[in-house]
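Step one of this worksheet: look at the structure below.
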Amino acid sequence: MLQWTTLSLELGLLALALVLFVLDLTRVSRRLITLLAGLGTFALFLFSFTVPSTGTFTQAFILDPFALFLKRIFLLAALLTLMGASTYARVRNYTARMGEFILLVLLATLGAMALVSARDFLTFFVAFELLSLPIYALAAIEKGNPLAPEGALKVFLFGSLSSVALFLGIGLLYAATGTTFWTRIHTVLFPVLFQLGVVLLLVGIGFKIAMFPFYMWVPDTYEAAPTPVVAFLSVAPKAAGIGVLFRLYFEFFSRWQGDLTAWITVLAAVTMIAGNLMALPQKNLKRLLAYSGVAHIGYVLTAVAAGSRFSAAMALFYFVAYLFSNMGAFLAVAALETQGVEPTLEGSRNLIRRSPLLAAAFLVFLLSLGGIPFVLGFWGKLYVFLAAGKAGLWGLVFLGALLAVIALYYYLNVARWMFIVEEGEGSLHIPGSLLAAVGIAAVVVFAGGLVPQWLVVPAVHAVMGF
Amino acid sequence: MVFWGNLLNWVIWVPIVAAFVLLLIPEQRTRFQGWAVLAVTLVEFFLSTALLRAFPRAGYAFTLDLSWIPPLGAGYRIGVDGLSVLLIVLTTLLTFLGAVYSREVIRKHVRTYWIALLLLEGLLIGVFAARDLLLFFLFWEAMLLPMFLLIGIWGHERRLYAAFKFFLYTMAGSVFLLAGVLYLGLKAGTFDLDALRGVAQNLPLHVQTLLFLGFMIAFAIKVPVVPFHTWLPDAHVEAPTVGSVLLAGVLLKMGTYGMLRFAIPFFPSVAVRQASLWMALGVAGILYGAWMSWVQKDMKRLIAYSSVAHMGFILLGMFSFTVYGLSGGMLQMLNHGISTGALFFSVGMLYERRHSRLMEAFGGVAREMPVFATILGIVAMSSLGLPGLNGFVGEFLSLLGAFQRSHLLGALGVAGVIFAAVYLLHMLRQVLFLTPHQPREPLMDLNPREFFVFLPLLILIFWIGVYPRPFLRVLDAPVAEIQRVIRPHLSTSLQTRVQEPQHTPEVYP
């Protein structure tokens, strides 16, 4: 007896994507299609609160509160991306390809949603590819931009490489265990193959979440790709990758008597260090946010290293904070770009005069990313540290806190250009849809910082299934 | 409703809410904004003085205990004791005077300035009112941002360097604090101060030592205790006048306040073991600060280093753990805020007139600005500890306490008083009396607005100097509380020495 309701969110999204794709072939205006896409995504987000939160569809696909929580994150990421995309497309002259754009974003979202529900390696791989392939195309969608092919090629090459590593890893794991179902592993026949497989698996996921040392493609691609795409790219695949990592941790690795904590601890530390240090000298806002994103993955990996149910919940919460702060920041950059402003530190000079609302929102995002109290990001960091402390990883906590101070330097440096440097003329008129997206994100970051428990408690409930 | 009926709660949130309301007022209407801020800060001052009526008494008043983040055990817990309430009133007073002063002085980004000032005020009060370790940490961190903006936007030439240095230095200290806060919170399952106290004292000694050092490093950077002081001269010199006033007057006290409220009561046995170390660092601060002040040409830098010296007295008194030392240290926290605040206002007014902070740019000010010269003289005397003025009382009691513990440290501390006289008189001579080398255009004496800024400070200088008893009585309970916590950990010989005196000291009945 197949529980089709378990798939209802995925099926709904697929239907939405296909209907909009067909509509795009007719004479319906692109604006209407974008609007429908946004409304549809939002409707699915609301719908996600009514679907039964547990169920399986064969043994390969599971719906549990953990997956559902992440799926909501993906839907919100897609929604914010779509809100930012239409104006951006108009300014950058690719409105004609908005239909494809929407289709690709929705399919990537679908891939991410399937990925966090996967419970066997074949589903996992298919979902992984479904998440990856649209992103290659999205990175190149802005044909007129001379940088675009390079950025797209980089993400494509690295992405393919990660797929290869993943596939090889899966093969080895199959050879070692004789099954692709995570829950059916009883004996490991060839421990060496198994370990090699696990390493390759980590490599494959590492590319996706931009973990050290697989983050080299990130800054170039982020710089070249259209900013709303980057906003999506900086959150959804990373959340999906971390979600999979947690599921593997609890359902797969736990059946094998090995211990990944030491590895992940080192990776988390190195990722934090690399991301934060590389972000320091950046002058391009998109590159800066790219490296800061790497650093944030380091913080989330700290929670992965802690490897407890509590830490999984805290990682979920961290991603909520990161979703709104980071996407907000990227959308604010997109807003600048629509006004012909270069996305650099210099370009953002005196933003407080030129567009006070955008500047205030940007400050909120920066503070949240930097982890200053009373905004959402602070709680994210605090909870992750708390989870790591509970697991006894005080070294990581200390390193993370220390690096957070370094991180504040480059975040505040952005604030300095926006608020303190005074030359810079011409007021900006930020288009409404972008301003709305930025505003919503800012309000969530700010209000969530005052009542974090409204988000923490659902996150804690979401991991009860493990 | 508990939340709305709590006076302390109002005192914390009125300025913060006012800061957000200010966003609604159009940017160009600077006059209206100025009056509005003045009104808010004045109301705020009176609200905070109303807190005083609950004292002296033991324990905490105006307490509020609401659950905030239940899974974490963090609550919205506030309440004040005598020490907090004095510091809160100091904050509101200095902010009000700062608002009076700034109205005519700040020309650019006026609205943003007021917002930063009001936010700073509210968050500072929050720091002193928090009865929950996590809440305290939140206020402690959040307070950095408005101060960063105050220094960075309205400061002098090297303001950005100073702002970043201030921010990153303090944040670096907070890392240790954060680690300690999290560790304690995890151990106790709550962040309630009273509960934490019991948990902290039962930890193994080496853990206690580590945590104590973690807390103390964060607080010592804020005070600043000598090896951690390098951010202070830059921040003070580059900050706008009101920034310096609040920085010296209130922010530095957050460090010593944190020691008294958290580090010492949480880890009394470690505090007792390390008392000599911290007293020695206090003396180092007194001497080093005084010597550095002596050679400065820039008045703001001179006062900045004098702050290092004065905070050394507080540290010296506190860590003697005697009744005299503790009450002297606490009173000195208030005194330093008043005197140094007034000194920074004076330098600011001189700067407004001649756009220089160098002493050699002035001379003969006494003839041109007699009223100002008189005030500056009184303020400087209060700062160097002339008997009859407020500085004397605090320093005298601190030193008395220090002598009870260690004659050597006490004696070295007394030497600091003499050095203070040297550098402050040196400044007075240069600025007020020497005839300038070349004739300069004459300076206007104080206008009524500027005089009004000094007036309350002068009243307090004389009041505390002549009749400190009401202030000391408010501090009685906090002093007794620290003593109660500390006493079991002192060796018996020390217990007799730091014991409550049989008769109250004759100097201050």
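The values are calculated or read from the model by the stated rules, or taken from the named source; none is laboratory data. From a predicted model like this one, the values you see are computed outputs, not experimental measurements. Don't worry about glycine lacking a Cβ; one is built from the backbone with ideal geometry, like all the others, and counts go over all protein chains shown.
Could you tell me whether any residue of region B:73-88 is over 30 Å from B:ARG31 (Cα atoms), within 14 Å of chain A (Cβ to nearest Cβ) and surrounded by 21 or more Cβ atoms within 10 Å (Cβ to Cβ)?
Yes - at least one qualifying residue is present in region B:73-88.
Residues are listed down the side, and each one gets a yes or a no for (1) more than 9 Å from chain B (Cβ to nearest Cβ); (2) under 23 Å from B:LEU178 (Cβ atoms); (3) touching a Gly at 6+ places or on another chain (Cβ under 8 Å):
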{"site": "A:LEU396", "(1), (2), (3)": "yes, yes, no"}
{"site": "A:GLY424", "(1), (2), (3)": "yes, no, no"}
{"site": "A:LEU428", "(1), (2), (3)": "yes, no, no"}
{"site": "A:SER433", "(1), (2), (3)": "yes, no, yes"}
{"site": "A:ALA447", "(1), (2), (3)": "yes, no, no"}
{"site": "A:GLN453", "(1), (2), (3)": "no, yes, no"}
{"site": "A:PRO458", "(1), (2), (3)": "yes, no, no"}
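Give region A:308-336 a look and list any residue that's among the small types (Gly, Ala, Ser) and buried (at least 24 other Cβ atoms within 10 Å of the Cβ), or say none.
A:SER311, A:ALA312, A:ALA313, A:ALA315, A:ALA321, A:SER325, A:GLY328, A:ALA329, A:ALA332, A:ALA334, A:ALA335
State whether one or more residues within region B:233-246 are assigned to a helix (DSSP H, G or I), farther than 30 Å from B:LEU358 by Cβ and either within 14 Å of chain A (Cβ to nearest Cβ) or touching a Gly at 6+ places or on another chain (Cβ under 9 Å) (or both).
no
Looking at the structure I just gave you, is B:LEU424 out of contact with any Asp or Glu (no Cβ under 9 Å at 6 or more places or on another chain), closer than 25 Å to B:GLY98 by Cβ and not in a helix (DSSP H, G or I)?
no
Given the conditions (1) more than 19 Å from the chain's Cα centre (by Cα); (2) surrounded by 23 or more Cβ atoms within 10 Å (Cβ to Cβ); (3) of a type in the set (A, V, I, L, M); (4) facing another protein chain (nearest Cβ under 7 Å), report the number of the one that B:LEU160 does not fulfil.
(2)
Out of the residues in region A:112-126 meeting the condition of being part of a helix (DSSP H, G or I) and touching a residue at least 60 places away in the same chain (Cβ under 8 Å), tell me which one is farthest from A:ILE170 (Cα to Cα).
Only one residue fits best here, namely A:MET113.
Any idea which residue in region A:43-71 is modelled with the highest pLDDT, counting only those that are more than 14 Å from A:GLY243 (Cα to Cα) and among the β-branched types (Val, Ile, Thr)?
A:THR50
I'd like to know if region A:166-175 contains one or more residues that are in a loop (DSSP other than H, G, I, E, B) and modelled with pLDDT of 85 or more.
No, there is no match, as no residue in region A:166-175 is in a loop (DSSP other than H, G, I, E, B) and modelled with pLDDT of 85 or more.
Answer yes if at least one residue in region B:49-59 is within 12 Å of another protein chain (Cβ to nearest Cβ), in a helix (DSSP H, G or I), without any contact (Cβ under 8 Å) to a residue 40 or more places away in the chain and of a type in the set (A, V, I, L, M, F, W, C), and no otherwise.
No - not one qualifying residue is present in region B:49-59.
So, in region B:97-135, of the ones that are within 18 Å of B:ILE16 (Cβ to Cβ) and charged (D, E, K, R), which residue ends up farthest from the other protein chains (Cβ to nearest Cβ)?
Ranking the qualifying residues of region B:97-135, first place goes to B:GLU121.
Among the residues of region B:405-413, is there at least one that is over 14 Å from B:GLY377 (Cβ atoms), of a type in the set (Ser, Thr, Tyr) and free of Cβ contacts under 8 Å to residues at least 60 places away in the same chain?
Within region B:405-413, not a single residue is over 14 Å from B:GLY377 (Cβ atoms), of a type in the set (Ser, Thr, Tyr) and free of Cβ contacts under 8 Å to residues at least 60 places away in the same chain.
I'd like to check something: does region B:32-42 contain any residue that is modelled with pLDDT of 85 or more and closer than 25 Å to B:MET333 by Cβ?
yes
Being more than 9 Å from every other protein chain (Cβ to nearest Cβ) and buried (at least 21 other Cβ atoms within 10 Å of the Cβ) is the filter here; which residues of region B:144-157 pass it?
Hits for region B:144-157 are B:PRO146, B:MET147, B:LEU150, B:ILE151, B:TRP154, B:GLY155.
Taking the options A:LEU363, A:LEU386, name whichever one is within 11 Å of chain B (Cβ to nearest Cβ), more than 30 Å from A:THR265 (Cβ to Cβ) and more than 20 Å from the chain's Cα centre (by Cα).
Every option except A:LEU363 fails the conditions.
Which one of A:ALA404, A:ALA437 is closer than 25 Å to B:MET171 by Cβ, among the aliphatic types (A, V, I, L, M) and touching a helix residue (DSSP H, G or I) at 6+ places or on another chain (Cβ under 7 Å)?
So the residue among A:ALA404, A:ALA437 that is closer than 25 Å to B:MET171 by Cβ, among the aliphatic types (A, V, I, L, M) and touching a helix residue (DSSP H, G or I) at 6+ places or on another chain (Cβ under 7 Å) is A:ALA404.
Residues of region B:354-371 being assigned to a helix (DSSP H, G or I) and surrounded by 17 or more Cβ atoms within 10 Å (Cβ to Cβ), which ones?
Selection gives B:MET359, B:ALA361, B:VAL365, B:ALA366, B:GLU368.
Are there any pairs, at least 6 apart or on different chains, whose C-beta atoms fall under 6 Å, with the first in region A:437-456 and part of a helix (DSSP H, G or I) and the second of a type in the set (A, V, I, L, M) and modelled with pLDDT under 85, and if so, which?
A:GLN453/B:ILE69
Between a first residue in region A:331-353 that is at positive phi and a second residue that is assigned to a loop (DSSP other than H, G, I, E, B), which pairs have beta carbons less than 8 Å apart while being 6 or more apart in sequence or on different chains?
A:ASN350/A:VAL421; A:ASN350/A:GLU422; A:ASN350/A:GLU423; A:ASN350/A:GLY424; A:ASN350/A:GLU425
Run A:PRO146 past the list (1) free of Cβ contacts under 8 Å to residues at least 60 places away in the same chain; (2) closer than 20 Å to A:PHE42 by Cβ and report the number of the one that doesn't hold.
Evaluating A:PRO146 over (1) free of Cβ contacts under 8 Å to residues at least 60 places away in the same chain; (2) closer than 20 Å to A:PHE42 by Cβ leaves (2) as the failure.
Could you check, for region B:17-27, whether at least one of its residues is of a type outside the set (A, V, I, L, M) and more than 14 Å from chain A (Cβ to nearest Cβ)?
Among the residues of region B:17-27, not one is of a type outside the set (A, V, I, L, M) and more than 14 Å from chain A (Cβ to nearest Cβ), which makes the answer no.
For region A:401-413, give me the residue count where each residue is over 22 Å from the mean Cα position of the chain (by Cα), touching a residue at least 24 places away in the same chain (Cβ under 8 Å) and either more than 18 Å from A:SER348 (Cβ to Cβ) or more than 7 Å from chain B (Cβ to nearest Cβ) (or both).
Of the residues in region A:401-413, 2 are over 22 Å from the mean Cα position of the chain (by Cα), touching a residue at least 24 places away in the same chain (Cβ under 8 Å) and either more than 18 Å from A:SER348 (Cβ to Cβ) or more than 7 Å from chain B (Cβ to nearest Cβ) (or both).
One line per residue, one yes/no per condition, for (1) modelled with pLDDT of 90 or more; (2) crowded, with 21+ Cβ neighbours inside 10 Å:
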position: A:THR179; (1), (2): no, no
position: A:LEU193; (1), (2): no, no
position: A:GLY204; (1), (2): yes, yes
position: A:TYR215; (1), (2): no, yes
position: A:PRO228; (1), (2): yes, yes
position: A:ALA231; (1), (2): yes, yes
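Would you say B:ILE338 is of a type in the set (Val, Ile, Thr), part of a helix (DSSP H, G or I) and surrounded by fewer than 24 Cβ atoms within 10 Å (Cβ to Cβ)?
no
Rundown of residues vs (1) free of Cβ contacts under 8 Å to residues at least 40 places away in the same chain; (2) over 26 Å from A:LEU396 (Cβ atoms); (3) at the interface with another protein chain (Cβ under 10 Å from one of its Cβ atoms), yes/no style:
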{"position": "B:GLY180", "(1), (2), (3)": "yes, no, no"}
{"position": "B:ASN202", "(1), (2), (3)": "yes, yes, no"}
{"position": "B:GLN208", "(1), (2), (3)": "no, no, no"}
{"position": "B:PHE215", "(1), (2), (3)": "no, no, no"}
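Of all residues in region A:156-173, count the ones that are hydrophobic (A, V, I, L, M, F, W, C) and touching a Leu at 6+ places or on another chain (Cβ under 8 Å).
So the answer is 6.
Is it the case, given these coordinates, that A:TRP417 is within 15 Å of B:GLU141 (Cβ to Cβ) and either surrounded by 20 or more Cβ atoms within 10 Å (Cβ to Cβ) or modelled with pLDDT under 90 (or both)?
So A:TRP417 does not fit the description; no.
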